[in-house]
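Take a look at the structure below.
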Amino acid sequence: MATVSLRHIVKIYPNSNDGKKHKPTNLKVTEEGVLAVQDFNLEIADQEFIVLVGPSGCGKSTTLRMVAGLEEISKGELYIDDKLVNDVAPKDRDIAMVFQNYALYPHMTVRQNMEFPLKLRKVPKAEIDQAVDQAAEILGITQYLDRKPKALSGGQRQRVAIGRAIVRAPKVLLMDEPLSNLDAKLRNQMRAEIIKLRQRIKSTFIYVTHDQTEAMTLGDRIVIMKDGVIQQIGTPQEVYDDPVNMFVAGFIGVPQMNFYDGKLLRSADGKYSVQVEDAVIELSAEKQKNLAANNVAAQDVTVGVRPDHITLKEVPGKMIKGKVDVSELMGSAVHLHINACGKDGVIIVPTLDLKGNKTYSMGSDIEFTFDGGVAHVFAKDTQNNLEFNAQ
Amino acid sequence: MSKQSKSKNALSAVLAVICVIYVLPVVVVVLNSFKQNTYVKTHTFALPTGEMWAGFSNFIKGMTFGNYPFARSVEYSVLITVASTALILLFTSMAAWYIARVDSPICRAVYYLCVFSMVVPFQMVMFTLSKTADVLKLNTPWTIPVIYLGFGAGLAIFMFVGFVKSIPLEIEEAAAIDGAGPVKTYFQVVLPMMKPTLISVGILEIMWVWNDYLLPYLVLDRTKYMTIPIHIQFLKGSYGTVDLGATMALILLSIIPVIVFYLLCQKHIIKGVAAGAVKG
């Protein structure tokens, strides 16, 4: 029901005058203060599900709170449905928010909690009852309507918090790490429920998390942030396949991408290949094209390969040697923690491929390789993906 | 007997002694309020039996003694106590909410000023205070609650600020997003959550104001307005003789409401209302 656009949004926490120093951080510090969010630009389409993801302190929650109106916007403009809302009070922005710690009103029953926003808006009683009953049914909390929050479990409390948010059909639904207080099993269950919920209500979602699994499974688009700066915006597939820099490459994907010191080689006829130790692997046609378009010169680089893209298949002249540290059987696959080229990394080997073959004990030697289509080439200094940014 | 249970028993014994020391004055008051006046001094700790037994005559004597009706003293005591406590609870809880949530030098200064006011003994300010009360016409039962508000604010703000800081800010933020302005947030969300502290502060203030002797004695015009403690003080006959039996009877009457109130409310003091609001 609503578009949201954030244009050049900046959040500055002013330096305090009492001589107290800010905690040491990676954030940029200017004369005005600490830059918690720098030049944030994002256009969110109607009913889109946007996930802001990043490590703690990256400014994702601050950004969400600025959209909610709980934090002042230092610079820049925020539009909801083409209306400038920088100076509009939270209650007049037609948004709802779900907090990490639920933030239910402890003295009210579940029904009163869910009625509260509607009562404040002076909605007629009959409509309130209908809306609450409907939301309770969607979330499966009908039988708890007369209980107080303290008589509910964590998962139930979070459902109530979501119920309170959706009951008035807000234009934009903001969620600030709503699942991080739940245990792993409940988290998976609630994640599925949020996906279902999303299909039933027609709100625009902005969801903050530090969990890349939640980001990948929930988001139409993901915004990856670090130190107050957007690193990449894209669909889950895009950020997984084409990370713009080493940070995104390492942050998205479990287990983390492996990084090896290597060389980018350019032959006389302009063909690019990467060299890791003695293995020389020619890059795929698409990567050739991207690198050529940027006119990337031969140089020392960091080569990134995802654990599931590494194979143990023998390809003469392309094998990299390593030693197995730990072997973990995960069921469908075995995760081999290896040390190669002086770096620790992980290889995922499907259990089927190992059938009848040897097992890998600690300290055993291993040789592996990867295909030219799955290698990511990052500049040593800027850590940018050279395919997309030669600088 | 194990070492642990031995020390437990020793602790119980010590606490029992302390208990007796605390309860003893109350017991003495109860015993002597039913005793003939002449025996109060001679048989202070004896049970009021036989010829010592006075029945309720001490109570009747105390209530009808002198020209000033005891009922009116009760009325003024109730008025002052209720009005003062209500004022203190409403204003200091609001002030504490602001002080706890707004981080500014002024708020910090006000907070420390309030806390510091607890350190200053009443005797230091009482004469200037009674003069000021006269000038500002605060010397009636209807206006003296303003003075109580001033004296009670220190402890109340100290306790409320501590409690508000323990309430997660997200609950108020949720209220702001749900559509509540500051006034609605305060009355519909913050105030109900403060219930345990409201009750404990309320009990402390009620006991203090109800029993207070010096402030009303100095400020109020005693020919027109008396509270119960002042009324008891005036149970003197000619030549300064004091009817101790009647005095004890009135003291007993005056402490009954506070004890009943305390017993009724004590479970609320301990109960934490914020449980279940956030992950815990």
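The values are calculated or read from the model by the stated rules, or taken from the named source; none is laboratory data. Quick caveat: nothing in here was measured; it's all calculated off a predicted structure. So basically every Cβ, Gly included, is an ideal-geometry build from the backbone, and we count neighbours across all protein chains shown.
The table below gives the values:
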quantity	calculated
Residue check, A:ALA136 more than 13 Å from every other protein chain (Cβ to nearest Cβ) and either surrounded by 16 or more Cβ atoms within 10 Å (Cβ to Cβ) or outside any loop (DSSP other than H, G, I, E, B) (or both)	yes
Single unsatisfied condition, A:PRO124 versus (1) of a type outside the set (Gly, Ala, Ser); (2) farther than 13 Å from A:ILE162 by Cβ; (3) facing chain B (nearest Cβ under 7 Å)	(3)
Residue pairs meeting the criteria (Cβ under 8 Å; at least 6 apart or on separate chains; first at pLDDT below 85, in region B:46-63; second exposed (fewer than 15 other Cβ atoms within 10 Å of the Cβ) and part of a loop (DSSP other than H, G, I, E, B))	B:MET52/B:ALA46
Residue ID - nearest to the other protein chains (Cβ to nearest Cβ), chosen from residues in region B:169-193 that are free of Cβ contacts under 8 Å to residues at least 24 places away in the same chain and in contact with a Ser or Thr (Cβ under 8 Å, 6 or more places away or on another chain)	B:ALA176
Among the residues listed as A:LYS196, A:LYS263, A:LYS202, the single one being out of contact with any Gly (no Cβ under 8 Å at 6 or more places or on another chain), modelled with pLDDT under 95, of a type outside the set (S, T, N, Q) and farther than 30 Å from A:ILE166 by Cα	A:LYS263
Unique match (being of a type in the set (Asp, Glu), crowded, with 18+ Cβ neighbours inside 10 Å and either in the same structural domain as A:VAL67 (by TED's automatic domain parsing) or not in a strand (DSSP E or B) (or both)) among A:GLU238, A:GLU214	A:GLU214
So A:VAL88, is it among the β-branched types (Val, Ile, Thr), under 34 Å from the mean Cα position of the chain (by Cα) and either facing another protein chain (nearest Cβ under 8 Å) or part of a helix (DSSP H, G or I) (or both)	no
Qualifying residue in region B:5-23 (condition: part of a helix (DSSP H, G or I), without any contact (Cβ under 8 Å) to a residue 24 or more places away in the chain, basic (Lys, Arg) and surrounded by fewer than 15 Cβ atoms within 10 Å (Cβ to Cβ))	yes
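Residues checked against (1) touching a residue at least 60 places away in the same chain (Cβ under 8 Å); (2) in contact with a helix residue (DSSP H, G or I) (Cβ under 9 Å, 6 or more places away or on another chain); (3) in a strand (DSSP E or B); (4) within 27 Å of A:GLU286 (Cβ to Cβ):
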| site | (1), (2), (3), (4) |
| --- | --- |
| A:GLY331 | no, yes, no, no |
| A:HIS335 | yes, yes, yes, no |
| A:ILE338 | no, no, yes, no |
| A:GLY345 | yes, yes, yes, yes |
| A:TYR360 | no, yes, no, no |
| A:VAL374 | yes, yes, no, yes |
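For (1) crowded, with 17+ Cβ neighbours inside 10 Å; (2) touching a residue at least 24 places away in the same chain (Cβ under 8 Å); (3) in contact with a Pro (Cβ under 8 Å, 6 or more places away or on another chain); (4) of a type in the set (Val, Ile, Thr), each residue gets a yes or a no:
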{"residue": "A:VAL276", "(1), (2), (3), (4)": "yes, yes, no, yes"}
{"residue": "A:LYS289", "(1), (2), (3), (4)": "no, no, no, no"}
{"residue": "A:ASP300", "(1), (2), (3), (4)": "no, yes, no, no"}
{"residue": "A:VAL326", "(1), (2), (3), (4)": "no, yes, no, yes"}
